[in-house]
Amino acid sequence: MPNPKWRHSKRRKRARRTHYKAPLPTLSKCSTTGEIHLRHHAYFVDGNLYYRGHLLIDYSEKEGGAEQT
């Protein structure tokens, strides 16, 4: 594997890397709830947790749970 004959300066290296930019995050609209969310992430709608259009955790049922003493 070839190696560079001369060392490149920090300025030269950084000037080359200025074109590498982080892309904007991709947003999606849920077909079930109509909510805008980040792709591949769970999201809250009305206090419930959804992922890929399916209800994962229904927090409205857990609010009336047993009290701890």
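Rule-based calculations on the coordinates, nothing more; no lab input. Here the structure is a predicted model, which means the values were calculated and not measured. For neighbour counting, all protein chains shown are included, and Cβ atoms are generated from backbone atoms with ideal geometry for every residue, glycine included.
Most fluctuating residue of Arg14, Arg39, Arg52 in a GNM of the chain with Cα springs under 10 Å: which is it? Taking springs between Cα atoms under 10 Å, the residue moving most is Arg14. Helical runs (DSSP H, four residues minimum) scored at -39500 (n - 2.57) apiece and divided by the length of the chain put the mean residue ellipticity at 222 nm at -4000 deg cm²/dmol. The residues packed around Thr32, meaning those with a beta-carbon under 13 Å from its beta-carbon, carry a net charge of 0 if Lys and Arg are +1 and Asp and Glu are -1. Using just the C-alpha positions of the chain as equal point scatterers, what log10 of I(q)/I(0) does the Debye formula give at each q in 0.12, 0.15, 0.17, 0.24 1/Å? With one equal scatterer per Cα and no solvent, log10 I(q)/I(0) is -0.59, -0.68, -0.76, -1.04. Residue separation of Tyr43 and Tyr20 scaled by 0.36 nm, minus their Cα-Cα distance, works out to 5.3 nm of gained length.
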